[in-house]
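Read the structure below first, then the notes.
Where a number appears in this text, it was derived from the coordinates with a stated rule and is not lab data. Computed from a prediction, not measured in an experiment: that's the story for all the values here. Counting neighbours? That spans all protein chains shown, and the Cβs are built from the backbone with ideal geometry, glycine included.
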Amino acid sequence: MTSHKDSYSQAFRRSLDDPESFWLEAAGAIDWYSAPTRALSQSHSSSGTWFPDASLNTCVNALDRHVHAGFGHRTALIYDLAMVPEKKRYTYGDLLDEVAGCAGVLSARGVRAGDRVIVYMPMIPEAVIAMLACARIGAVHSVVFGGFAAAELAKRVDDAEPVALLTARGGLERSRHIEYMPIVAEA
């Protein structure tokens with residue numbers, strides 16, 4: 001019987017000895033719109049381009065595939081905030097519905113594939129929903145730590161040049177409540 005350590009060692013060795021076939025085989029576990037025929041191309045940059053002839057959607061791989069496989073009822077996300085007695089579970093189906101709704105709002109507001117969106121939220125389920133919604137429509141999300149003050153947020157807005165900023169009314173820290181809207185307005 002092969003141990004997990006042996007199995008890992010064999011997989012690691014194979015990834016070094018024959019990276020092309022190793023990573024193409026690993027890619028078979030992902031749902032692709034257009035499956036890769038190559039694992040890595042060194043022609044476009046010094047670090048290479050992974051799966052250069054393939055395309056996929058991260059949100060589809062994170063949610064849709066599980067719902068379509070009959071696992072929509074399984075827990076996908078657990079929200080457990082230590083500072084309040086709130087614990088909430090989202091199934092894959094629940095999360096897919098929330099993400100699709102958020103993606104629809106973003107699309108209706110003109111956010112398109114390739115656009116940048118800043119997510120300035122506390123660590124709440126809506127932050128995950130926002131990130132997956134961006135991925136669903138092909139927008140690039142930039143998560144900005146919810147504890148950042150206006151000057152730090154403004155630097156990230158200037159750098160990313162987003163077409164949208166998603167935020168919450170506020171966030172909780174151990175000793176205080178932070179109102180986000182005044183920070184966003186100042187930034």
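In summary, the aspartates and glutamates within cross-link reach of residue 155, defined as a Cα separation below 20 angstrom excluding same-chain residues under 8 places away, comprise 115, 179, 186. Under the convention that each Lys and Arg Cβ holds +1 and each Asp and Glu Cβ holds -1, the size of the dipole of the chain around its Cα centre is about 280 debye. Amide H contacts of residue 121 (H built 1.01 Å from N, in plane; Pro and chain starts excluded): 144, 146 sit under 5 Å, all sequence-distant by 5 or more or on other chains. Placing +1 on the Cβ of every Lys and Arg and -1 on the Cβ of every Asp and Glu, with nothing else charged, gives the stretch 5-111 a dipole about its Cα centre of roughly 200 debye. For residue 170, the amide hydrogen comes within under 5 Å of the amide hydrogens of 180, counting only partners 5 or more places away or on other chains and with H modelled in the peptide plane. The trypsin sites (Lys or Arg not before Pro) of the stretch 66-175 meeting both criteria, a DSSP state outside H, G, I, E and B (loop) and at most 16 other C-beta atoms within 10 angstrom of the site's C-beta, are 74, 109, 112, 169, 174. For the chain, the equivalent ellipsoid derived from the Cα gyration tensor has semi-axes of 34, 22, 18 Å, listed largest first. Taking amide H as placed 1.01 Å from N in the peptide plane, residue 141 has its amide H under 5 Å from the amide H of 117, each at least 5 places away in sequence or on another chain.
Placing unit charges on the Cβ atoms of the charged side chains and taking the dipole of the chain about its Cα centre, the candidate lying farthest along the positive direction among 104, 83, 52 is 83.
Placing unit charges on each Cβ (+1 for Lys and Arg, -1 for Asp and Glu) gives the chain a dipole about its Cα centre, and among 175, 40, 157 the Cα reaching farthest toward its positive end belongs to 175.
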